[in-house]
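Accompanying notes for the structure given below.
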Amino acid sequence: MCEEMSKLYLVPDRTDLERVCSLAEEYGCAFEYNEFYIPKIMDDPKMQEEIITGYGTYKKDFSMDTMHGAFLDVTIHSDDPLIRDASMQRVRQSMETAKRMGLRGAVFHTGRLAGFRAEGYLKNWCDRNVAFFTEIARQYPDQQIYMENMFDEAPDIMAGMAERMQGIGNFGICLDYAHAMLSGRSGEEWIRTLAPYIRHIHINDNDLVNDLHLAVGTGKLDWQEFDRLIRQYQINASVLVEVSGYQAQKESLEYMKQYGIYPMEQEKEK
C-alpha cells in the first residue's frame, strides 16, 4: 500500500459498514466519525457505547482515526458566559470521547459570524479561542486538534489564530476546501495563507453556491487546481473525503485515483 494512501479518510456508515470497511481497506483509508457532535448522542452514554462497540466490531484499532467534534452553536468567543460555558463543555465532551476511543484527533469549527469583521469581535474571537484551545491541547496531548473553516469569508483570521498557536504541537488547521470555494476568495489565497498550518483537509464537491457534499469530480470545483496548489505549497496533510454513502465515496476515490488528486499519485500509462 502506497504511503500517500495512508493519508486518506472516509466517513463510516454504520448501516453499511461491511462495504465501507472493504472500500477503506482497498484504498488504505482511516475513518473520521461523524456522530459524536450530535447533542442527543453526546448526552446519552449508552448510545455512545453502542456506537463505539459497533465500530469496534469491524475496526478494532481506532488510533489512526479522527472524529468531528461538537460545532452546532458552539461559540467559545461568546460574551454571554452561559453560552460560552456550554460551548466549552461540548468541546471538552468531544475531547473526552476522542481520548476514550484513542483517536488521533478531533475537528472543530471556527463558529464565527461569517462576514462580520468588526475589530473588537475578531480580536475577541481570536483571544478566547487561542486561550481555550491552548488549554485543551495541553490537557489532551495525545490527540490532534484541528480548527476547520465553515463559512468564513477569508482565511486571514484563522491564520492569525494558528500563528499564535505555532508552539502547540498538537494544534493545526483543517482546510475544508469546499467551504473555502463558497467564500468568493480563490483557492490559492486560502491555501497560500494557511499553508504553514494545514494539518488536515476536508474535500467534497459543490456548485460553487451551496454546500452540497457531492462526490469529488461531480460538481464545479477544479480538482486539478486543488492538486496543483497543495503540491506547490508543499502541504503535508491527511485528507477526508467528506461525502456520505458507499457509492459517492467509491466515485470520489476512483476519480482521485484516475487523475492523481492529492494525496494520490496519477497512475502511469502502461
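The values are calculated or read from the model by the stated rules, or taken from the named source; none is laboratory data. What you are looking at is a predicted structure, and each value in this text was computed from that prediction instead of being measured. Positions of Cβ are generated from backbone atoms using ideal geometry, with glycine treated the same way; all protein chains shown enter the neighbour counts. All accessible areas refer to the heavy atoms of the entire protein, side chains included, with ligands and DNA or RNA removed. Shrake-Rupley method; radii C 1.70, N 1.55, O 1.52, S 1.80 Å.
Among the residues making up segment 210-255, those that are in contact (Cβ under 8 Å) with a residue 40 or more places away in the chain, open to solvent by less than 30 Å² (accessible area, probe 1.4 Å) and of a type in the set (Gly, Ala, Ser) are Ala215, Ala237, Ser238, Gly245, Ser252.
Counting only helices (runs of 4 or more DSSP H) that sit completely within segment 7-82, those holding 3 or more residues that are open to solvent by 20 Å² or more (accessible area, probe 1.4 Å) and under 20 Å from Gln247 (Cβ atoms) correspond to 17-27.
If you go through segment 234-252 one residue at a time, how many are of a type in the set (Asp, Glu) and in contact with a Phe, Trp or Tyr (Cβ under 6 Å, 6 or more places away or on another chain)?
Qualifying residue count, segment 234-252: 0.
Of everything listed in (1) closer than 30 Å to Arg138 by Cβ; (2) open to solvent by 10 Å² or more (accessible area, probe 1.4 Å); (3) not in a loop (DSSP other than H, G, I, E, B), the single unmet condition for His202 is (2). Highlighted here are the helices (runs of 4 or more DSSP H) found entirely within segment 105-194 that include at least 1 residues which are open to solvent by 30 Å² or more (accessible area, probe 1.4 Å): 119-139, 156-164, 187-194.
Note on segment 94-140: residues that are of a type in the set (A, V, I, L, M) and closer than 30 Å to Gly56 by Cα total 8.
Contact map, segment 62-90: residues that are within 21 Å of Thr134 (Cβ to Cβ) and without any contact (Cβ under 8 Å) to a residue 12 or more places away in the chain paired with residues that are in a helix (DSSP H, G or I) and of a type outside the set (Ser, Thr, Tyr), Cβ distance under 6 Å, separation 6+ or inter-chain. Pairs shown: Ser78/Arg84. Scanning segment 88-104 for residues that are open to solvent by 50 Å² or more (accessible area, probe 1.4 Å) and of a type outside the set (S, T, N, Q) yields Arg90, Arg92, Glu96, Lys99, Arg100, Arg104.
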